[in-house]
Amino acid sequence: MISFNNVSKHYGGQIIYENSSFILRPGDKAGLVGPNGAGKTTVFRVLMKEEGFDGGSITVPEKIRVAYFSQNIGEMKGRTVIEEVMSGSAKASELALEIRKIEKMLDGEIPLSDDEMEKVLYKLGDYQTDFEKLGGYDLDTRAKEIITGLGVMPYDHDRDVSMFSGGWRMRIALAKILIQVPDVILLDEPTNYLDLESIVWLEEWLKSFKGAVLMTSHDRDFMNGIVNRIIEVNNKTITTYTGDYDYYEKEKEIRKDQQQAQFERQQDMLAKEEEFIAKFAARASHAAQVQSRVKKLDKIDRVEMPPEDIVMDFSFPIPPRGSNDIVIMKDLGKSWSRDDKTIHKVFDGLTATVNRLDKIAVVGVNGAGKSTLLKVICGLTEATSGESSLGPSIKAGYFSQFSLDLLNPENTVLEEITQRLPLASNGYIRNLLAAFLFRGDDVDKKIKILSGGEKSRVVLATLMSNNNNLLILDEPTNHLDLKSRDVLLNALKEFEGTVMYVSHDRHFLHGLSNRVFEVDKGGIRVFESNFQYYVEKKKTEV
């Protein structure tokens, strides 16, 4: 269907990938993976002809309809949510207009000869066939189904899109792609800004989608639930693996071990040949043999080991012990006063205790108040009723979804960390930054030019160094790639303190929790086991 044939892509003198190939076949569900900056988004942009390339060829059949969801969603205003979603299928809207024009002609408004009538009917048949292929006859119904699945509830469907935040507009933009019924969907981080319920819905939708999918995602479980192939962009080349993400990781290690063994065998052979050449180079009696071996070495394809992927490498220091009762909540409630003076109850009647060394996943439907609860516990917003208190000698560190916005954009990375850790030595700070992948000149980068993942690493580096015995984390994996998420997960597992966290990453939820707090307007429900237990328990209640 789509073929990437020996394609090369350069930026100035930098090689992104060289003579690289892959094929996307009908019905394929492929994951596009690789380190940040390896060129994944560039693959999408080249396929969509938004950028050129420097060698090879790309084949996309003319009749193949390709839809592309990127993180650049453009401006939205002047339409309701449903109107905006339906506008994604612009071709269907154009065909609907043409069909209505012909139907008016056939109603006798315009006299037609027999020949004209035959041509009009033939054209109408073509339009109706194309309209049906595009799902035009149930466009409104599908628009409502898709946008509701992505978390925008029916009571918001007729609101103007300009009234929604950037995260919600991302969902609307994604719905505009899904409604098109294309042959191929390209998705660049579609789960960003989605809550857990919407991620599960999207996963099921993509699994049942008949066309081909090529997507990037930092959500391991989401990737595993959908893809049957992995296309890796790394080390200036593109490599294909058959299987899901877990298979890819295992197979990559096997291939790496095989390449290492092959490399070592070749190095041994080269050493022996070079030793022979050096030993007999000056002897006329061995001149022919020496020349033969020199030519042999010149023709050998050298096995090269790719550079190791560099990932974060850190662990939290052992914090001071503190009390056994870390957080005590009694009849805790929170309400907001809206602009129209009406009171919106976020949650009420939350009573629970967080124990020392707990790793608690805070879950609940979108809007239940998970983030608000974490803010109340941290003292960043006051409770409306009841109380929340920290135990004696408890020091809380807080990572919010908006922590990245609190960084000073004009500071360098080094200046930002130095200001946040005023008592730390320069040597400690530089070693800390190196552990979070800021090395050499990277420490002199200004915050304003960093990616979301790089900013997250700056905040996490500060959090790690403040000797907190309670970590309160609101979506800590946002913007982190899969490798960095795994490093953070392992560090939190080993952390000898207490963690409360909100996450929409199921791999992260499964890997860390020993208790689950489910928050809703009626209170808090405590599950005295891990996230897997919680999921199974909820299934039995449906």
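The values are calculated or read from the model by the stated rules, or taken from the named source; none is laboratory data. No experiment lies behind these values; they were computed from the predicted model shown. Virtual Cβ from ideal backbone geometry, glycine too; neighbours counted across all protein chains shown.
Points to keep in mind about this one:
- Count of segment 268-326 residues which are polar (S, T, N, Q), over 28 Å from THR477 (Cβ atoms) and either touching an Asp or Glu at 6+ places or on another chain (Cβ under 9 Å) or in contact (Cβ under 8 Å) with a residue 24 or more places away in the chain (or both): 2
- Subset of segment 44-63 [under 24 Å from ILE172 (Cα atoms) and in contact with a strand residue (DSSP E or B) (Cβ under 7 Å, 6 or more places away or on another chain)]: PHE44, LEU47, MET48
- Restricting the search to strands (runs of 3 or more DSSP E) fully inside segment 153-235 and requiring at least 1 residues that are closer than 15 Å to TYR68 by Cβ and among the small types (Gly, Ala, Ser) gives 212-216.
- Whenever a residue of segment 21-50 is on the phi > 0 side of the Ramachandran plot, its partners that are in a helix (DSSP H, G or I), lying with C-beta atoms within less than 7 angstrom and at least six residues away or across chains, give the pairs GLY34/LYS40.
- If you filter segment 245-267 down to residues that are among the aromatic types (Phe, Trp, Tyr) and in contact (Cβ under 8 Å) with a residue 24 or more places away in the chain, you find that the one that is surrounded by the fewest Cβ atoms within 10 Å (Cβ to Cβ) is PHE263.
- Subset of segment 338-370 that is modelled with pLDDT of 90 or more and among the small types (Gly, Ala, Ser) - its residue that is nearest to SER323 (Cα to Cα): ALA352
- Candidate set: segment 339-367, residues that are over 20 Å from SER529 (Cβ atoms) and touching a residue at least 60 places away in the same chain (Cβ under 8 Å); chosen: the one surrounded by the most Cβ atoms within 10 Å (Cβ to Cβ): PHE347
- Filter result for ASP505 (assigned by TED's automatic domain parsing to the domain that holds THR412 and farther than 23 Å from VAL327 by Cα): yes
- Being in a loop (DSSP other than H, G, I, E, B), within 28 Å of GLU232 (Cα to Cα), of a type outside the set (Val, Ile, Thr) and within 23 Å of the chain's Cα centre (by Cα) is a property that LEU437 has.
Residues are listed down the side, and each one gets a yes or a no for (1) assigned by TED's automatic domain parsing to the domain that holds GLY453; (2) hydroxyl-bearing (Ser, Thr, Tyr); (3) part of a strand (DSSP E or B); (4) under 24 Å from the mean Cα position of the chain (by Cα):
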| position | (1), (2), (3), (4) |
| --- | --- |
| ASN5 | no, no, yes, no |
| TYR17 | no, yes, yes, yes |
| ILE23 | no, no, yes, yes |
| THR42 | no, yes, no, yes |
| GLY56 | no, no, yes, no |
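- Taking segment 487-509 as the range and being free of Cβ contacts under 8 Å to residues at least 60 places away in the same chain and either in contact with a Leu (Cβ under 8 Å, 6 or more places away or on another chain) or within 18 Å of MET223 (Cβ to Cβ) (or both) as the test, the residues that pass are LEU489, PHE508.
- The number of residues in segment 349-394 that are under 24 Å from GLY511 (Cβ atoms) and either β-branched (Val, Ile, Thr) or part of a strand (DSSP E or B) (or both) comes to 11.
- Residues of segment 41-66 satisfying the condition of being among the acidic types (Asp, Glu) and modelled with pLDDT under 90: GLU62
- One residue from PHE209, PHE222 being hydrophobic (A, V, I, L, M, F, W, C), surrounded by fewer than 18 Cβ atoms within 10 Å (Cβ to Cβ) and under 23 Å from ARG45 (Cβ atoms): PHE209
- The number of residues in segment 133-152 being assigned to a helix (DSSP H, G or I) and at pLDDT below 75 comes to 3.
- Test result for ASN466, modelled with pLDDT under 90 and either outside any strand (DSSP E or B) or in the same structural domain as LEU404 (by TED's automatic domain parsing) (or both): yes
- Of the criteria (1) buried (at least 20 other Cβ atoms within 10 Å of the Cβ); (2) farther than 29 Å from LYS521 by Cα; (3) touching a strand residue (DSSP E or B) at 6+ places or on another chain (Cβ under 8 Å), which one LYS446 fails: (1)
- Looking across segment 44-54, the residues that are part of a loop (DSSP other than H, G, I, E, B) and under 16 Å from SER20 (Cα atoms) come down to GLY52, PHE53, ASP54.
Results for (1) at pLDDT 85 or above; (2) out of contact with any Ser or Thr (no Cβ under 9 Å at 6 or more places or on another chain); (3) in a loop (DSSP other than H, G, I, E, B), shown as yes or no for each residue.
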{"site": "ALA287", "(1), (2), (3)": "no, yes, no"}
{"site": "GLN291", "(1), (2), (3)": "yes, yes, no"}
{"site": "ASP309", "(1), (2), (3)": "no, yes, yes"}
{"site": "PRO320", "(1), (2), (3)": "yes, no, yes"}
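- Which listed residue is farther than 30 Å from ASN431 by Cβ, at pLDDT 90 or above and either basic (Lys, Arg) or outside the structural domain of GLY497 (by TED's automatic domain parsing) (or both), from LYS299, LYS250: LYS250
- THR381 vs. criteria of a type in the set (S, T, N, Q), surrounded by fewer than 21 Cβ atoms within 10 Å (Cβ to Cβ), over 30 Å from VAL535 (Cα atoms) and modelled with pLDDT under 90: no
- Checking each residue in segment 402-421 for being under 25 Å from the mean Cα position of the chain (by Cα), surrounded by 15 or more Cβ atoms within 10 Å (Cβ to Cβ) and not in a helix (DSSP H, G or I) picks out only LEU407.
- Some residue of segment 216-228 being over 23 Å from HIS479 (Cα atoms) and not hydrophobic (A, V, I, L, M, F, W, C): yes
- Residue pairs meeting the criteria (Cβ under 8 Å; at least 6 apart or on separate chains; first part of a helix (DSSP H, G or I), in segment 119-132; second loosely packed, with under 13 Cβ neighbours inside 10 Å): LEU124/GLU103
- Condition check for ILE64: in a loop (DSSP other than H, G, I, E, B), over 23 Å from LEU480 (Cβ atoms) and aliphatic (A, V, I, L, M): yes
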